[in-house]
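Asker: Quick one: the structure is below, questions incoming.
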Amino acid sequence: MPDNASQQWSRKGRLWKIILLNLIVIIVGIHLVAYQRESARWAGHPYPEAKKSLIKANFGLLYGRFLTSIPGINEKSLIMRPIKSLTDHYVEEAMRYIPDTDGEKEMYWYVFRWGYIVWTAKGTVLNRNEAYSNDEVRQILDEMWPVLEGIGTKEIKDPIFIEMRYAALGNIAQLYFVNQPLFHIDWEAREFDWPVLWKDEVIAERNQKLFHWLVNLEKLYAEKYPEIVKKADRDPNRPIERNKRFQLASGSILAHQIVTGKYRNNPDFCNFDKDIYLKYYLDTRGYLLNLMKSPETSAAKKEELKYFIDKKVDKLLTNACKNLSISQDDN
């Protein structure tokens, strides 16, 4: 006959099996309920075959978000590789059903890639704390550009992605502008090579395109989707982020025109009422400076905002436009 110790181990083994079985049943049940809810959410939306794969990819994203919330785990961690691989598989599968003319295809990058990048870097500066190497950041920027072009220029049919696009273009654009200086670094001086960056014709052309995509999207949504704008405006941080990205965009465009001498061919360059880049630059600069001076703005926030007000661009403008008075003491 088995002794008491053997019987106890046998009972414990059976108990653990029952617990494990119940856990499996609960997990499967949760997944089935979640799948049914997601299926109901996407019912009747364009590209139903794509949505079937999208629902599966969303489960991967859910697990990924949970894991990356644990300190020390990010998208580059070993434990994330199988989850990201499976998620990417279903995203690619979904994209096969989306025509190239629909910006929903590029929106998938925002949903399944942008978040991981920001979570890993713990913000928009991607090489902060060596989250990404400079080479990795440049790869991400090149990966980002066709996404920005697609979201900024293509039609989108699905109403969920139409609403999502209003924030998506701005969020990705800000990530692009903030990290763009990494395209040109003076490795000996260990600092950004601003003159080379500003003279780069490819970057300058991209900046102008992206600036106008952002402006046009704001006009489109104000006219066609005012309810989406009203909903987005409930976020108190939205105007701050908007002014930050337009300050970076307009500043880089103005700097390019000055250092290349192109501004001399534009008689309206120094005219606030006629040059759209100058108008956006001075308007957003004023907004950010007022925010920095506000007693309600925290010291940490003021320090962050200093990055977006560039004294180098201010100096270029005052030298090129003698009619402009830009105080260098403001920032």
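The values are calculated or read from the model by the stated rules, or taken from the named source; none is laboratory data. Here the structure is a predicted model, which is why all the values come from computation and not from measurement. All Cβ positions, glycine included, derive from the backbone under ideal geometry; neighbour counts span all protein chains shown. Surface areas here come from the heavy atoms of the whole protein model, side chains and all, with no ligands, DNA or RNA. Shrake-Rupley method; radii C 1.70, N 1.55, O 1.52, S 1.80 Å.
Asker: With a point put 7 Å past each Cα toward its Cβ, work out how far residue 323 is from residue 133 in nm, to one decimal.
Answerer: Here the modelled spin labels are 5.0 nm apart.
Asker: Assigning unit charges at the beta carbon (Lys, Arg +1; Asp, Glu -1) and nothing else, what dipole magnitude in debye, to the nearest 20, does the stretch 102-157 show about its Cα centre? Display every interim value, and only then the final one.
Answerer: Values: 7 positive and 10 negative charges, 45 e Å.
Using Cβ point charges on Lys, Arg, Asp and Glu, the stretch 102-157 gives about 220 debye.
Asker: Of 137, 119, 203, which is farthest towards the positive pole of the stretch 111-207's charge dipole, taken about the Cα centre with +1 and -1 on the beta-carbons of Lys, Arg and Asp, Glu respectively?
Answerer: 119
Asker: Counting other Cβ atoms within 10 Å, which GluC sites (Glu not before Pro) in the stretch 138-208 have at most 11 and lie in a DSSP loop? Could the numbers behind the result be given before it?
Answerer: Working: sites: 143, 149, 155, 163, 188, 191, 201, 205; in loops: 188.
Qualifying residues, ordered by number: 188.
Asker: Applying 1/(1 + (r/R0)^6) with R0 = 25 Å to the Cβ-Cβ distance of residue 279 and residue 160, what FRET efficiency is obtained, to the nearest 0.05?
Answerer: On the way: r = 34 Å, r/R0 = 1.36.
That gives a FRET efficiency of 0.15.
Asker: If you don't mind, another one. Report the FRET efficiency, 1/(1 + (r/R0)^6), for residue 199 and residue 153, where r is their Cβ-Cβ distance and R0 is 25 Å, rounded to 0.05. If you can, show how the numbers build up before the last one.
Answerer: On the way: r = 26 Å, r/R0 = 1.05.
The pair residue 199/residue 153 has a calculated efficiency of 0.45.
Asker: Turning to a different aspect of this structure: Two decimals is fine: what is log10 I(q)/I(0) at q = 0.13, 0.17, 0.18 Å⁻¹ for the stretch 156-300, from a Debye sum with one equal scatterer on every Cα and no solvent?
Answerer: Results for the stretch 156-300 at q = 0.13, 0.17, 0.18 Å⁻¹ read -0.70, -1.09, -1.17.
Asker: Separate question: Counting every Cα pair in the stretch 261-331, what percent are over 14 Å apart?
Answerer: Summing the P(r) of the stretch 261-331 above 14 Å gives 63 percent of all pairs.
Asker: Quickly work out the residue 315-to-residue 100 label distance, labels modelled 7 Å from Cα along the C-beta direction, and quote it in nm with one decimal.
Answerer: So the two model labels end up 4.6 nm from each other.
Asker: Using a simple charge model, +1 on the beta-carbon of Lys and Arg, -1 on the beta-carbon of Asp and Glu, nothing else, what dipole does the stretch 150-252 show about its Cα centre, in debye to the nearest 20? Could you put the intermediate results ahead of the total?
Answerer: Details: 16 positive and 16 negative charges, 96 e Å.
About 460 debye.
Asker: Return the FRET efficiency for the residue pair residue 270, residue 298: r is the Cβ-Cβ distance, R0 is 51 Å, and the value is rounded to the nearest 0.05.
Answerer: Values: r = 36 Å, r/R0 = 0.70.
Working from the Cβ atoms, E equals 0.90.
Asker: List the trypsin sites (Lys or Arg not before Pro) within the stretch 116-205 that fall in a DSSP loop (any state other than H, G, I, E or B) and whose Cβ has at most 10 other Cβ atoms within 10 Å. Before the final figure, lay out each step's value.
Answerer: Working: sites: 122, 128, 138, 154, 157, 165, 190, 199; in loops: 122, 154, 157, 190.
Within the stretch 116-205, the qualifying trypsin sites (Lys or Arg not before Pro) (loop, at most 10 other Cβ atoms within 10 Å) are 190.
Asker: Please work out how much accessible surface residue 55 shows to a 1.4 Å probe, ignoring ligands, DNA and RNA, in Å² rounded to 10.
Answerer: Surface open to solvent at residue 55 totals about 10 Å².
Asker: Given Cα pairs under 8 Å that are at least 6 residues apart, what percent is the relative contact order of the stretch 103-241?
Answerer: The normalised contact order for the stretch 103-241 reaches 24 percent.
Asker: Report the label-to-label distance for residue 230 and residue 77 in nanometres (one decimal), using points 7 Å from each Cα along the Cα→Cβ vector.
Answerer: In this crude spin-label approximation the distance works out to 4.2 nm.
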